[in-house]
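For reference, the structure is listed below as structure tokens.
The values are calculated or read from the model by the stated rules, or taken from the named source; none is laboratory data. As the structure is a computational prediction, the values presented were derived from the model and not from experiment. Positions of Cβ are backbone-derived with ideal geometry, glycine not excepted, and every protein chain shown enters the neighbour counts.
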Amino acid sequence: MESTKCLIIGSGPAGFTAAIYASRANLNPILYEGQQSGGQLITTTVVENFPGYPQGVGGYDMMEDMRAQAQRFGADIRMGSITSVDFSSRPYAVTIDDGSTIQAETIIIATGASAKYLGLEDEKKYAGRGVSACATCDGFFFRKKTVAVVGGGDTACEEANYLASLCEKVYLIVRKGYLRASEIMQKRVLENPKIEVLFKHNTEGLYGEPKLQGAHLVKNLGEAGEQRYDLAIDGFFLAIGHKPNSDLFKPAVETDAEGYIKTDGPTPCTNVPGVFAAGDVADPRYRQAICAAASGCKAAMEAERFLNR
Ligand code: NDP
């Protein structure tokens, strides 16, 4: 059976940064990329807040650079996903989706988080036929059309602005009476003539045959003046936050109620010795690329210390 000193699971900023540090520390890490190589950033247009890029950088380009940097120091980066883990004895055993198993002395979990859906049956019905959780991936299909984005955070505002550059009209469906996004993102949305913000709106269902043609909305739900109406749209984009990708590691690795992996204070150490968590899978608070990269660095340094002990 193949064995490694350090197995890294995930290929976002946390995973690749861990791979850079672990390679430079001669841990000869193996990194499995998971289903979405490059993580969430490959679905972002421009990253404007990662230090070192005064003009911003494309999310895809940044991840390609991180991968190349890790490979330069010898990281073994592989396509494939982990299907199960056995943390009952050391070295730990990890099964890959091709059926093979690897033994690892240390493991860095950097599996990130995935987009949340509202939980409507119609979201499944229209998946790939009008419903999407990634404007950058699918916006192109809605050029000159009318779309709606659900959410009031930075992601929703970013997606609404991006879609406004392609579409005829963009509705932003916000369940509260205000946006949660940062001031600058709010300003961009509110000043964009193509975007109309629908405050205090919820979505109850979607309709159309065979493709999406609209959404059943309710305004002022549960309040005086509650009003139901249909909004004609061609695309429905979810931007309501993310769920940490930690299910595979439960219950051996402790998580909080939302599924974020618990770490020991400011360290990436989990409750399992030699298993570390980095990036969004363990970060309910900041969820930024720069924070993910920093925690990937910490995880690799802790892995090295663990192996030297
Ligand atoms: P957030 O958790 O910040 O926002 C989620 C939004 O979705 C909120 O407006 C929330 O409403 C709404 N929402 C959640 N559940 C539902 C539901 N069931 N129905 C309707 N609306 C719902 O997530 P984001 O993905 O926007 O951002 C995550 C983190 O990433 C944040 O820290 C953000 O700052 C950061 N980020 C930064 C960017 C940048 O700086 N360029 C870009 C993108 C993200 P409510 O307010 O009512 O809870």
Exercise. Residues being away from the ligand (no atom under 16 Å from the Cβ) and modelled with pLDDT under 95: count how many of those fall in region 132-171.
Key: 3
Quiz item: What strands (runs of 3 or more DSSP E), lying completely within region 217-309, carry at least 2 residues that are more than 15 Å from the chain's Cα centre (by Cα)?
Solution: 227-232, 235-238, 275-277
Quiz item: Quick one: would you say V174 is at pLDDT 95 or above, among the β-branched types (V, I, T) and closer than 21 Å to V47 by Cβ?
Solution: no
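Would you confirm whether or not region 177-187 contains a residue that is of a type in the set (D, E) and part of a strand (DSSP E or B)? Show your work before the answer.
Going residue by residue through region 177-187, those that are of a type in the set (D, E) are 183.
Add one more test, that the residue is part of a strand (DSSP E or B), and what stays is none.
Checked region 177-187: no residue is of a type in the set (D, E) and part of a strand (DSSP E or B).
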Quiz prompt | Lone qualifier among G279, G265 - being within 14 Å of the ligand (Cβ to nearest atom) and on the phi > 0 side of the Ramachandran plot | solution = G279
Quiz prompt | Filter result (charged (D, E, K, R), in a helix (DSSP H, G or I) and either touching a helix residue (DSSP H, G or I) at 6+ places or on another chain (Cβ under 7 Å) or touching a residue at least 40 places away in the same chain (Cβ under 8 Å) (or both)) within region 122-152 | solution = D122, E123, K125, D138
Quiz item: Limited to region 104-121, what total is found for residues that are surrounded by 15 or more Cβ atoms within 10 Å (Cβ to Cβ) and away from the ligand (no atom under 14 Å from the Cβ)?
Solution: 8
Self-check item: Selected residue (criterion: farthest from the ligand (Cβ to nearest atom)) from residues of region 188-197 that are outside any helix (DSSP H, G or I) and over 25 Å from the mean Cα position of the chain (by Cα)
Solution: P193
Quiz item: Within region 172-186, is even one residue away from the ligand (no atom under 12 Å from the Cβ), surrounded by 15 or more Cβ atoms within 10 Å (Cβ to Cβ) and more than 16 Å from L118 (Cα to Cα)?
Solution: no
Practice problem: Tell me which residues, restricted to region 1-52, are more than 30 Å from N308 (Cα to Cα) and modelled with pLDDT of 95 or more. | Solution: P51, G52
